[in-house]
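Participant: Please see the structure below; I have some questions.
The values are calculated or read from the model by the stated rules, or taken from the named source; none is laboratory data. All values reported here derive from a predicted model rather than from experimental measurement. So basically every Cβ, Gly included, is an ideal-geometry build from the backbone, and we count neighbours across all protein chains shown. For accessibility, only protein heavy atoms count, side chains too; no ligands or nucleic acids. Shrake-Rupley method; radii C 1.70, N 1.55, O 1.52, S 1.80 Å.
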Amino acid sequence: MKAVLIEKPENTQSVSVTEVTEEQLPDGDVLVDVAYSTLNYKDALALTGKAPVVRRFPMVPGIDFAGTVAESSHADFKPGDRVILNGWGVGEKHWGGLAERARVSGDWLVPLPAPIDLRQAAAIGTAGYTAMLCVLALERQGVMPGDGEIVVSGAAGGVGSVATALLAGKGYQVAAVTGRAAEADYLRGLGAASVIDRSELTGKVRPLGPERWSGGD
Ligand SMILES: NC(=O)c1ccc[n+]([C@@H]2O[C@H](COP(=O)([O-])OP(=O)(O)OC[C@H]3O[C@@H](n4cnc5c(N)ncnc54)[C@H](OP(=O)(O)O)[C@@H]3O)[C@@H](O)[C@H]2O)c1
């Protein structure tokens, strides 16, 4: 099978698309036929070697994937199941998604709900998945759509834009904070009720403590 492989025999790193055997795949109780993997920022760091994202070599990068279970000895998964994986050190410590197959722990996999196809799951990617985890965390803390405006910072970025769309879709009044005024229409199109220029907020956020910000300049 084909895989992207990062090697570092000496001090210099090399990256190639190469043939690897299934026996070379790391241990795990589920073997997945990978349909898609996204190119995350972390993957770029791993591939370029610009940050020490890869903890061991050789490494197949790809911090996420969407695919179909080929073999499984994990109780929750059987061949044919459609799954996604985001994170868990995959593509950093454990061979990742930029390969035709991946062998991973079934504990890291999420079953893909029927209405979402593999390509859509990959398009949502780890950024979209992260945005949804943030929305779920807010809901767990009791934040409700009727509570007032909700601010999304970095709104035109990967996580921020999905968070904006998700929150707006759930009925929240989203105030999207961006440093890129040209993206205002894009953000309104995602459902933002208002768009705030980041420079309006810069310097106004203080750490909690004795000198807590009182709301003045
Ligand atoms: N992507 C993932 O899979 C993932 C997963 C887990 C955690 N995260 C974390 O989530 C955060 C956002 O990631 P991302 O993938 O959405 O990155 P991104 O696409 O690069 O978006 C980051 C956004 O942050 C804003 N920003 C840039 N410089 C800033 C500054 N100096 N002050 C305030 N805001 C600034 C920009 O928003 P505007 O364009 O609106 O100006 C930028 O688009 C990062 O901290 C990342 O580590 C990401």
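Participant: Mind checking whether some residue in the stretch 74-87 is under 25 Å from residue 154 (Cα atoms) and buried (at least 22 other Cβ atoms within 10 Å of the Cβ)?
Facilitator: Scanning the stretch 74-87 turns up at least one residue that is under 25 Å from residue 154 (Cα atoms) and buried (at least 22 other Cβ atoms within 10 Å of the Cβ).
Participant: Would you pick out the residues in the stretch 146-166 that are more than 8 Å from the ligand (Cβ to nearest atom) and either part of a helix (DSSP H, G or I) or more than 18 Å from residue 184 (Cβ to Cβ) (or both)?
Facilitator: 146, 147, 148, 162, 163, 164, 165, 166
Participant: Could you list all residues from the stretch 51-67 that are in contact (Cβ under 8 Å) with a residue 12 or more places away in the chain and open to solvent by 30 Å² or more (accessible area, probe 1.4 Å)?
Facilitator: Within the stretch 51-67, 55, 56, 57, 58 meet the criteria.
Participant: Only strands (runs of 3 or more DSSP E) wholly contained in the stretch 49-145 count here; list those with 1 or more residues that are away from the ligand (no atom under 16 Å from the Cβ) and over 20 Å from residue 20 (Cα atoms). It would help to see each step written out before you state the result.
Facilitator: On the way: elements: 64-72, 82-86, 101-104.
Hits in the stretch 49-145: 64-72, 82-86.
Participant: Residues of the stretch 109-149 being surrounded by 18 or more Cβ atoms within 10 Å (Cβ to Cβ) and hydrophobic (A, V, I, L, M, F, W, C), which ones?
Facilitator: Scanning the stretch 109-149 gives 109, 112, 118, 121, 122, 124, 127, 131, 135.
Participant: For the stretch 115-147, how many residues are within 24 Å of residue 69 (Cβ to Cβ) and either without any contact (Cβ under 8 Å) to a residue 24 or more places away in the chain or among the hydrophobic types (A, V, I, L, M, F, W, C) (or both)?
Facilitator: 11
Participant: I'd like to know if the stretch 161-175 contains one or more residues that are without any contact (Cβ under 8 Å) to a residue 12 or more places away in the chain and more than 21 Å from residue 203 (Cβ to Cβ).
Facilitator: Within the stretch 161-175, the subset without any contact (Cβ under 8 Å) to a residue 12 or more places away in the chain is none.
There is no residue in the stretch 161-175 that is without any contact (Cβ under 8 Å) to a residue 12 or more places away in the chain and more than 21 Å from residue 203 (Cβ to Cβ).
Participant: Sticking with this one: Answer yes if at least one residue in the stretch 4-21 is without any contact (Cβ under 8 Å) to a residue 12 or more places away in the chain, surrounded by 14 or more Cβ atoms within 10 Å (Cβ to Cβ) and over 16 Å from the mean Cα position of the chain (by Cα), and no otherwise.
Facilitator: No: zero hits.
Participant: Now for a separate question. Do the conditions hold for residue 95, that is, is it under 30 Å from residue 25 (Cβ atoms), of a type in the set (Phe, Trp, Tyr) and under 15 Å from the mean Cα position of the chain (by Cα)?
Facilitator: no
Participant: How about the stretch 181-194: which of its residues are open to solvent by 40 Å² or more (accessible area, probe 1.4 Å), closer than 17 Å to residue 158 by Cα and modelled with pLDDT of 95 or more?
Facilitator: 182, 183, 185, 186, 188, 189, 190
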